[in-house]
């Protein structure tokens, strides 16, 4: 795999979408796919798909299509989706419960291993198979449990202070469900779950 | 505004992200921005941003940057985010509660106006300011209340059957939180809330 210059972030952003599509195709029993078929399925041009993948080497033979399992394995490896990532969940409200019980984590390499809240009424109680921990113990537990990723599921007004604590604890990647943009130092990544973005994409066509 | 040929879907998909960034800039008190600044903020090249916006006309003068409020208003109008959309929420579990109470709907033009479930224990009870309705009454209520968009917050194994009911009831846009790809007829749009996609985008860099 040749990686001479950094791959644009927008390309990296499309790889998980390709990976998801390949997993669906495999589940449907297919073994070979063309960039044209992927394009149709994803609404991304086949030229774009070929160009994106070419950043990482040669995956398909001209006119032969892609071996789905092989390309899937390569993408998993590129995205480091072939290992298990330990995650902390911050916020044990309705959303925290939904995230902790989310069936979509299964087999994807992301594992919630601890849950935090700052509410004395919740600390020590169970959320599914987790005991809710005091957010004051975040730093030590993150170190102890080798947590690398955190999910923020707290109200908007609490999100920045939670994110500050996560950064202090050495977390490098944060998935934020709170409807607020948070500030982080360079080197810390934040992604947002923002339903409005998805809805606006559809209303254009309505 | 000239719209001679259809704008690629991938371009439409970026417009809500531009709109969100412009709203942040306005909130920060800025009035003018350059595609270069937007590019830096979003990790999308400035050439791409200019090309995307050029599909809809001329928004900035060469070297002068964009008038943020004007561009924001134009994007709102293009995305039909300048009106209010009535939404139905399907699923009154933890996730349904979190979605119904989500603070991020505020001022974005999306309004949940009814909540459905199929659980007799939940039907008739309140979820916040909503009375939970029987999913069996979906079609008539969707018609009555002029619902155009639905949010699916049910378990994976129930999602397809709920989506089928929504399509039957005439819903044209579905935001699916369930971790499963659903089948819909041509002309019905589905977007997915998929935290794994966001996480994989970050693990590449970890």
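Condition (residue is on the phi > 0 side of the Ramachandran plot and out of contact with any strand residue (DSSP E or B) (no Cβ under 6 Å at 6 or more places or on another chain)) applied to the range B:146-157: is it met by at least one residue?
Within the range B:146-157, none of the residues are on the phi > 0 side of the Ramachandran plot and out of contact with any strand residue (DSSP E or B) (no Cβ under 6 Å at 6 or more places or on another chain).
Got a sec? Which strands (runs of 3 or more DSSP E) wholly within the range B:90-206 have at least 1 residues that are closer than 30 Å to residue A:75 by Cα, more than 7 Å from chain A (Cβ to nearest Cβ) and at pLDDT 95 or above? Before the answer, list the steps.
Working: elements: B:110-117, B:130-134, B:149-152, B:173-176, B:189-192.
By residue number, B:149-152, B:173-176, B:189-192.
Of all residues in the range B:20-39, how many are part of a helix (DSSP H, G or I), farther than 21 Å from residue B:79 by Cβ and within 24 Å of the chain's Cα centre (by Cα)?
0
Residue check: is residue B:151 under 26 Å from residue B:82 (Cβ atoms) and surrounded by fewer than 21 Cβ atoms within 10 Å (Cβ to Cβ)? Full working, then the answer.
On the way: under 26 Å from residue B:82 (Cβ atoms): yes; surrounded by fewer than 21 Cβ atoms within 10 Å (Cβ to Cβ): no.
Considered against the rule, which asks whether it is under 26 Å from residue B:82 (Cβ atoms) and surrounded by fewer than 21 Cβ atoms within 10 Å (Cβ to Cβ), residue B:151 comes out as no.
From the list A:162, A:184, A:115, which residue is farther than 30 Å from residue B:158 by Cα and without any contact (Cβ under 8 Å) to a residue 60 or more places away in the chain? Even if it seems obvious, please write down each step before you answer.
Numbers: A:162 fails: without any contact (Cβ under 8 Å) to a residue 60 or more places away in the chain; A:115 fails: farther than 30 Å from residue B:158 by Cα.
Selected residue: A:184, the only one of A:162, A:184, A:115 that is farther than 30 Å from residue B:158 by Cα and without any contact (Cβ under 8 Å) to a residue 60 or more places away in the chain.
Among the residues of the range A:54-91, what is the count of those that are touching a strand residue (DSSP E or B) at 6+ places or on another chain (Cβ under 8 Å) and free of Cβ contacts under 8 Å to residues at least 60 places away in the same chain? It would help to see each step written out before you state the result.
Step one: list which residues in the range A:54-91 are touching a strand residue (DSSP E or B) at 6+ places or on another chain (Cβ under 8 Å), which gives A:59-60, A:64-68, A:71, A:84-91.
Narrowing the set further to residues that are free of Cβ contacts under 8 Å to residues at least 60 places away in the same chain leaves A:59-60, A:64-68, A:71, A:84.
Of the residues in that region, 9 qualify.
Kindly indicate the residue of the range A:90-103 that is surrounded by 15 or more Cβ atoms within 10 Å (Cβ to Cβ) and touching a helix residue (DSSP H, G or I) at 6+ places or on another chain (Cβ under 6 Å) and also nearest to residue B:104 (Cα to Cα) among those meeting that condition. Before the answer, list the steps.
Residues of the range A:90-103 surrounded by 15 or more Cβ atoms within 10 Å (Cβ to Cβ): A:90-102.
Now drop any that are not touching a helix residue (DSSP H, G or I) at 6+ places or on another chain (Cβ under 6 Å), which leaves A:90, A:94-95, A:97-98.
Details: A:90: 18, A:94: 15, A:95: 13, A:97: 19, A:98: 17 Å.
Only one residue fits best here, namely A:95.
Please give the number of the condition residue A:71 fails out of (1) over 21 Å from residue B:206 (Cα atoms); (2) within 11 Å of chain B (Cβ to nearest Cβ); (3) part of a helix (DSSP H, G or I).
Status for residue A:71: all satisfied but (2).
Output the residue which, of all residues in the range A:44-59 that are within 15 Å of residue A:19 (Cα to Cα) and outside any helix (DSSP H, G or I), is nearest to the other protein chains (Cβ to nearest Cβ).
That would be A:44.
The values are calculated or read from the model by the stated rules, or taken from the named source; none is laboratory data. Note that the structure is predicted; figures quoted are calculated from it, not measured. Note that we place each Cβ from the backbone using ideal geometry, even for glycine, and neighbour counts take in every protein chain shown.
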